[in-house]
Amino acid sequence: MMLCDAAQVADGKLYVLGGGWSLIGPDPMPSAIAMKIDVDWTEVDRPHHWELYLADEDGQPVIAETPDGPQAIEVRGDFEVARPVAVPPGSPVDVALALNFGPLPLTPETRYSWRLTIDGESQDDWALAFSTRPARPE
């Protein structure tokens with residue numbers, strides 16, 4: 001996973017603009033997450049569910065006001081990959097995902113992290129931490 005300004009997937013490849021940052025703001029701005037998921041050979045040809053949510057420095061979900069009331073900042077989806085004929089047996093099969101977000105309501109001088117789960121499981125390195133700059137003096 002990588003934090004970036006924008007990302008897209010085309011022909012199975014990730015295209016990243018302004019990638020690799022860990023400091024943003026202080027003003028709200030668009031951002032994106034580029035992901036490459038390696039699916040184990042034994043896990044292909046079956047559906048997988050992923051969830052990505054934004055957590056604050058205490059590990060609590062970040063809540064934003066929406067027209068439907070307060071909601072956690074999260075996104076989820078499903079993927080399934082077929083076993084390609086050109087890949088040697090036993091090799092992982094990759095899946096590329098690009099998630100683009102509009103400006104998010106982030107508090108200045110705060111540490112956040114995006115946390116990923118796949119099929120209800122997570123690992124320590126399935127997180128992207130970043131900080132927001134201090135507010136500008138008025």
If you scan region 39-59, which residues turn out to be part of a loop (DSSP other than H, G, I, E, B) and loosely packed, with under 10 Cβ neighbours inside 10 Å?
P47, D58, G59
All conditions in (1) in a strand (DSSP E or B); (2) buried (at least 17 other Cβ atoms within 10 Å of the Cβ) are true of V9 except (2)
Going through region 60-80 one residue at a time, which ones are over 16 Å from the mean Cα position of the chain (by Cα) and in a strand (DSSP E or B)?
I63, A64, E65, T66, G69, P70, Q71
Give E74, E65 a once-over and let me know the one that is at pLDDT below 95, out of contact with any Ser or Thr (no Cβ under 9 Å at 6 or more places or on another chain) and within 25 Å of D5 (Cβ to Cβ).
E65
Of the numbered conditions (1) in a loop (DSSP other than H, G, I, E, B); (2) touching a residue at least 40 places away in the same chain (Cβ under 8 Å); (3) among the charged types (D, E, K, R); (4) more than 29 Å from K13 (Cβ to Cβ), R83 satisfies every one except a single condition; which is it?
(4)
Could you grab me the full set of residues in region 93-113 that are of a type in the set (A, V, I, L, M) and either free of Cβ contacts under 8 Å to residues at least 12 places away in the same chain or in a loop (DSSP other than H, G, I, E, B) (or both)?
L104, L106
Suppose the filter is closer than 30 Å to K13 by Cβ and at pLDDT 95 or above; does L104 pass it?
no
For region 114-137, how many residues are crowded, with 17+ Cβ neighbours inside 10 Å, within 15 Å of the chain's Cα centre (by Cα) and not in a loop (DSSP other than H, G, I, E, B)?
6
What are the residues in region 17-34 that are crowded, with 16+ Cβ neighbours inside 10 Å, within 16 Å of the chain's Cα centre (by Cα) and part of a loop (DSSP other than H, G, I, E, B), if any?
G19
From the list P70, P61, P137, P88, exactly one residue is under 22 Å from K13 (Cα atoms) and without any contact (Cβ under 8 Å) to a residue 24 or more places away in the chain. Which is it?
P88
Could you grab me the full set of residues in region 110-128 that are of a type in the set (D, E) and modelled with pLDDT of 95 or more?
D119, E121
Quick check on region 66-89: of everything there that is charged (D, E, K, R) and touching a strand residue (DSSP E or B) at 6+ places or on another chain (Cβ under 8 Å), which residue is surrounded by the most Cβ atoms within 10 Å (Cβ to Cβ)?
E74
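The values are calculated or read from the model by the stated rules, or taken from the named source; none is laboratory data. Keep in mind the model is a prediction, meaning the values are calculated, not measured. Don't worry about glycine lacking a Cβ; one is built from the backbone with ideal geometry, like all the others, and counts go over all protein chains shown.
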